[in-house]
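The values are calculated or read from the model by the stated rules, or taken from the named source; none is laboratory data. As the structure is a computational prediction, the values presented were derived from the model and not from experiment. Please note: Cβ atoms are built from the backbone with ideal geometry, for glycine as well, and neighbour counts cover all protein chains shown.
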Amino acid sequence: MTFKLPPLPYAKDALSPMISEVTVTFHRERHHQGYLDNLNNLTKGTPFETLTLEDVIEKTVDSQEHKAIFNNAAQVWNHSFYWDSMAPQGGGSPKEGPLEKALIQTFDSIEKFKEMFQKAALSQFGSGWAWLVINVQGNLAIQTTGNGDVPFTSGSRPLFTCDVWEHAYYLDYQNLRVDYVKKFMDHLINWEFAENNFRVA
Ligand code: MN3
């Protein structure tokens, strides 16, 4: 079996002007596709090629020998999750319901949550990801991971993610990660996706 990318859930220009068509095109067709191609090459003819993507990640997370497989598999997963974490008319606040209630209970207000998420996304030094997760204790939490690391290998269930690798924003915002993260929060978060993940978690 070869691994495949799920289709992009919207047109490549649908996130513009927050994220330009050029950025989405490069990010999807060079970076995301590149990780996929690497993964397929690295796993070809090995027992890994018959596993699900999640199982490949779980089985290689602590392995020095399979570090390259882990990195590429995790980055395939992270990016598919990232595209789903955004919607053309997204951002703002979640609609009234269980996730909204839980966010207010955990962070005092939606505004406070957004402030803390932004802070976490900016404090991730170098390449990585910022996540809203349900942690091992079953509570909502903000988490960051470095490089390709994923939350679920340490027991957290992600609800949505923001890619803070420079390639996610450099063409549109240059070094200003803060402007990208603000636009992500205000205009792009796919709250419906987060609510669905919260429901099944
Ligand atoms: Mn990326």
Sort out for me the helices (runs of 4 or more DSSP H) sitting completely within region 69-182 that have 2 or more residues that are free of Cβ contacts under 8 Å to residues at least 12 places away in the same chain and within 16 Å of Ala194 (Cβ to Cβ). 98-107
Single condition Thr2 does not satisfy, out of (1) touching a Leu at 6+ places or on another chain (Cβ under 6 Å); (2) more than 15 Å from the ligand (Cβ to nearest atom): (1)
Would it be correct to say that His27 is in contact (Cβ under 8 Å) with a residue 40 or more places away in the chain, crowded, with 17+ Cβ neighbours inside 10 Å and part of a helix (DSSP H, G or I)? yes
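Residue by residue, here is whether (1) over 29 Å from Ser20 (Cβ atoms); (2) within 14 Å of the ligand (Cβ to nearest atom); (3) of a type in the set (Ser, Thr, Tyr); (4) at pLDDT 95 or above holds:
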site: Thr106; (1), (2), (3), (4): yes, no, yes, yes
site: Ser127; (1), (2), (3), (4): no, yes, yes, yes
site: Gln143; (1), (2), (3), (4): no, no, no, yes
site: Tyr169; (1), (2), (3), (4): no, yes, yes, yes
Exactly one of (1) out of contact with any strand residue (DSSP E or B) (no Cβ under 9 Å at 6 or more places or on another chain); (2) under 17 Å from Leu159 (Cβ atoms); (3) surrounded by fewer than 12 Cβ atoms within 10 Å (Cβ to Cβ) is unmet by Lys44. Its number? (2)
Matching entry among Glu29, Glu65 (being within 16 Å of the ligand (Cβ to nearest atom) and over 14 Å from Gly148 (Cα atoms)): Glu29
Can you report the number of residues in region 71-99 which are among the hydrophobic types (A, V, I, L, M, F, W, C) and away from the ligand (no atom under 16 Å from the Cβ)? 2
What about Leu15, is it of a type outside the set (Phe, Trp, Tyr), in contact with a Pro (Cβ under 9 Å, 6 or more places away or on another chain), more than 15 Å from Val150 (Cα to Cα) and assigned to a loop (DSSP other than H, G, I, E, B)? yes
